[in-house]
1. With a/c under 1.5 counting as rounded, go ahead and sort the chain into rounded, prolate or oblate using the C-alpha gyration tensor (a ≥ b ≥ c being the square roots of the eigenvalues; past the cut-off, prolate if a/b is larger than b/c, else oblate).
2. If a helix is a whole DSSP H run, which ones in the chain reach 15 Å or further along their own axis (Cα) and hold a mean Kyte-Doolittle hydropathy of at least 0.5?
3. Taking amide H atoms as placed 1.01 Å from N in the peptide plane, list the residues 5 or more away in sequence, or in a different chain, whose amide H sits under 5 Å from that of VAL131.
4. Tell me, what is the 1.4 Å probe accessible area of TYR51, in Å² to the nearest 10?
5. With just the Cα atoms defining each centre, how far is segment 177-198 from segment 69-103? Give it in Å.
6. I need the GluC sites (Glu not before Pro) found in segment 214-301, filtered to DSSP loop residues with at most 16 other beta carbons within 10 Å of theirs.
7. Determine the gain in length on full extension of the stretch ASP146-LEU293; use 0.36 nm per residue of separation and subtract their C-alpha separation, reporting nm with one decimal.
8. Which percent of the accessible area of the chain is formed by carbon and sulfur heavy atoms (probe 1.4 angstrom)?
Amino acid sequence: MRRLLAFAIAALLAAPASAQQDLSKVEVRVERIAPGVAVLFGAGGNIGLSYGADGNIVVDDQYAPMGDRILAAIATVDPDPVRFVINTHWHGDHTGGNEAMGNRGAVIVAHSNVRTRMSSEQFIAALASKVPASPAAALPVVTFEDGVTLHLNGDTLHVVHVADAHTDGDSLVHWQKANVLHMGDTFFNKMSFPFIDLSSGGSIDGLIAAVDKGLAWSNETTRIIPGHGPVASKADLAAYRAMLVDVRAKVAAGIAAKQSLAQIQATKPAAAYGMAEGFIKPDQFVAFVHESLTKPKKHRH
Ligand SMILES: [Zn+2]
């Protein structure tokens, strides 16, 4: 999974042609996690799938070149078309399939900042990655500010915006009856420190608040879909929150003691959590937290 994420990010950065070639080798695997709910693992962000009498609803859709394999994998669960796509945020490893799904008639739903960012060229500073504007068919056609609720397949799907977390357009998706929660990229489960995309409006405090919202929706039997990594439990999400809070406190203490970022990194505030080989390295995560606590959002670009 760690290798897959590194690969996915490499593909995100690569030119479309070579990304297409690399992504052609990726298989899409389906895991059914609750009645009417499955997860699709491939390259890029984990896809949540609601299926049943009312058709298919997907939460995120990975990369454009994966579109046919994702649709084929969905068809093995339920041959009906995809009626709705919900994007947890704007990043290309979660929205790349939008164009294919939109062209086949799916209604794409997301927070208004997802549409805004996808509508123009973006620069992800931490990855030094310039991302072109998305084609019109890939843009969300239904946008919301606080959230939206879908009543389909005998369940109630609450889509709720969490502010300034991984980006400024994140949403969590909660299946009330199935007791499933999709955290988007506010949760990287075990395989890497989280990516806080500060240039897209993310922040450590927003990330912790998003996790608190997810925990409040969860109980001991909730199946939690992270943006990346295997399906998790409430205990996994709670451990992740404890890590975020611990590293934040250590970085804040260093800032209060007038230490530089390099001095704080030298104290290894994140080393206790392993994941040294993850996509986001411990020192980089510390740098995200440091920037988040020292630079007011309005000065970021
Ligand atoms: Zn992301």
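1. Working: a/c = 1.70, a/b = 1.45, b/c = 1.17.
Because a/c hits 1.5 or more and a/b exceeds b/c, the chain counts as prolate.
2. Numbers: long enough: 2-13 (17 Å, 1.72); 67-77 (16 Å, 1.21); 204-216 (18 Å, 1.12); 234-256 (33 Å, 0.67); 282-294 (18 Å, 0.22).
Span-like helices, by this rule, are 2-13, 67-77, 204-216, 234-256.
3. GLN122, PHE123, ILE124
4. Counting only protein heavy atoms, the figure is 40 Å².
5. Their Cα centres are 19 Å away from one another.
6. Values: sites: GLU220, GLU277, GLU291; in loops: GLU220, GLU277.
Counting only loop positions with at most 16 other Cβ atoms within 10 Å, the GluC sites (Glu not before Pro) in segment 214-301 are GLU220, GLU277.
7. Working: separation 147, 0.36 × 147 = 52.92 nm, distance 2.49 nm.
Length difference between fully extended and current span is 50.4 nm.
8. Working: 6640 of 12120 Å².
Carbon and sulfur together cover 55 percent of it.
The values are calculated or read from the model by the stated rules, or taken from the named source; none is laboratory data. Values in this document were obtained by computation on a predicted structure and should not be read as measured data. Cβ sites come from the backbone with ideal geometry, for glycine too, and all protein chains shown count toward neighbours. Ligands, DNA and RNA are excluded from the accessible area calculation, which covers all protein heavy atoms including side chains. Shrake-Rupley method; radii C 1.70, N 1.55, O 1.52, S 1.80 Å.
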